Amino acid sequence: MKKIRLAVIGTGMAWERLHLPAIKELSDKYEVVAMANPTREKLIQAADKIGLGHEHIYQDYEEMLQREEMDVVNIAVPISMNYKVSEDVARAGKHIICEKPLAPDLKQGMKFLQIPEKYAVKVMIAENYRYSEENNMILNMISQGKIGDVIYFIRNNVTNFPEEMKQNTFAAKEWRQHPDYRGGAFLDAAVHDLAALRYIFGEVDQVSAFGKPQTEDFNPYVSVNASLQFKSGVIGHFVYWPSGVEVQKPTIGLRIFGTKGMIYLEEKGCGVINVFHNDGAHEIIPFTPERGYYNEFLNFYHVVLGEEENHVPPMVEFGDVKLVFDILDAVEQKQVIHVSKTSHYMMETKGMESLIKE
């Protein structure tokens, strides 16, 4: 079996806790050949953890691109750097798997859309929610009519970012606590939920939203409450509260209501999907949590070999990011946003309007 030579730019938490376990499990398909990180201490720790010789580690990723032989580069850097680093890697002729979101704003996001064709490279955005077992199972249940026709859904996401800031978590990163990109945690974290909802229900047509402003840097609003109307006719309500505690258990989670029953997922790590039928029947369907990382790297392996379709190319992720900013626009403008229409962001990049149609 052919092994893909993988280089890594960014050896922080995303690499160590999310990507590396998947790569280890796929050791027959990937071989890590080089690493780059501006902080040498973190770089050495990451290299030693996998037994990579120090002659293959770099504080300057551009030097790594010039000196090392690689097939794919895994990019796990702060959001504001995603587009620049990805273009530098593409310019070097290497395939890319880049962490979400693809860019800190839609202007850079639109430029990102040109990378695969401009540089003749394959690019996947690592949106693991589109690869998770639970979301794929829910999509299949709906497609098979398990709960009849879907009428509406509720997705309630409550986390405690201020408390997590004090712990050894992703929230403890300075660039997340004081982001230099619009939307803060809503762009960084809520984009996962919105990607999953778009994956399950299809394209969004219109959105209205309200938010309670706050002065804390990590997120512009205490909570964001959005109503989404999908082109399929499904209507749903999405709530993101990144500084709260949901005391009652089980949590609201994701609840999908259909003409014949309801699907309930408490949270992505619970391991079971509940299906309640109108006739009183109840199914408890198990799934393996956190398989998105493994599945996305497996898919990209076959994409690079020309054996499978890329499930999350930049265009798909661009739609997820655009929805984030459409919701923020709806909050700020206090009006319904037509997602499928060109927003004011798009007009900044001449000739690209046709690319942003949903």
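Checked against the criterion of being touching a residue at least 40 places away in the same chain (Cβ under 8 Å), over 26 Å from Val245 (Cβ atoms), among the aliphatic types (A, V, I, L, M) and not assigned by TED's automatic domain parsing to the domain that holds Ser80, the candidates Ile142, Ile115 yield just one match: Ile142. A count restricted to region 46-89 and to residues that are free of Cβ contacts under 8 Å to residues at least 12 places away in the same chain, over 26 Å from Glu117 (Cα atoms) and assigned to a helix (DSSP H, G or I) stands at 3. Would you be able to say whether some residue in region 250-263 is within 22 Å of the chain's Cα centre (by Cα), more than 18 Å from Ile200 (Cα to Cα) and of a type in the set (S, T, N, Q)? No, region 250-263 contains no residue that is within 22 Å of the chain's Cα centre (by Cα), more than 18 Å from Ile200 (Cα to Cα) and of a type in the set (S, T, N, Q). Considering only residues in region 268-307 that are polar (S, T, N, Q) and farther than 14 Å from Ile138 by Cα, the one that is surrounded by the fewest Cβ atoms within 10 Å (Cβ to Cβ) turns out to be Asn278.
Checked against (1) out of contact with any Gly (no Cβ under 8 Å at 6 or more places or on another chain); (2) within 20 Å of Arg255 (Cα to Cα); (3) of a type outside the set (Ser, Thr, Tyr); (4) in a loop (DSSP other than H, G, I, E, B), Pro104 passes all but condition (2). Quick check on my filter: what residues within region 218-235 are out of contact with any Lys or Arg (no Cβ under 7 Å at 6 or more places or on another chain) and either farther than 23 Å from Asn160 by Cα or aliphatic (A, V, I, L, M) (or both)? Selection gives Val224, Ala226, Leu228, Gln229, Phe230, Lys231, Ser232, Gly233, Val234, Ile235. Criterion first (modelled with pLDDT of 95 or more, small (Gly, Ala, Ser), outside any loop (DSSP other than H, G, I, E, B) and not assigned by TED's automatic domain parsing to the domain that holds Pro21) does Ala209 satisfy it? Answer is yes for this residue. For Tyr264, the test of being at pLDDT 95 or above and either among the β-branched types (Val, Ile, Thr) or farther than 27 Å from Ile151 by Cα (or both) is failed.
Taken as a whole, the condition of being in contact with a Gly (Cβ under 6 Å, 6 or more places away or on another chain), among the polar types (S, T, N, Q) and in the same structural domain as Ile263 (by TED's automatic domain parsing) does not apply to Ser223.
Of everything in region 327-353 that is in a helix (DSSP H, G or I) and modelled with pLDDT of 95 or more, the residue that is surrounded by the fewest Cβ atoms within 10 Å (Cβ to Cβ) is Gln333.
The values are calculated or read from the model by the stated rules, or taken from the named source; none is laboratory data. What you are looking at is a predicted structure, and each value in this text was computed from that prediction instead of being measured. Every residue, glycine as well, gets a Cβ built from its backbone with ideal geometry; the counts of neighbours run over all protein chains shown.
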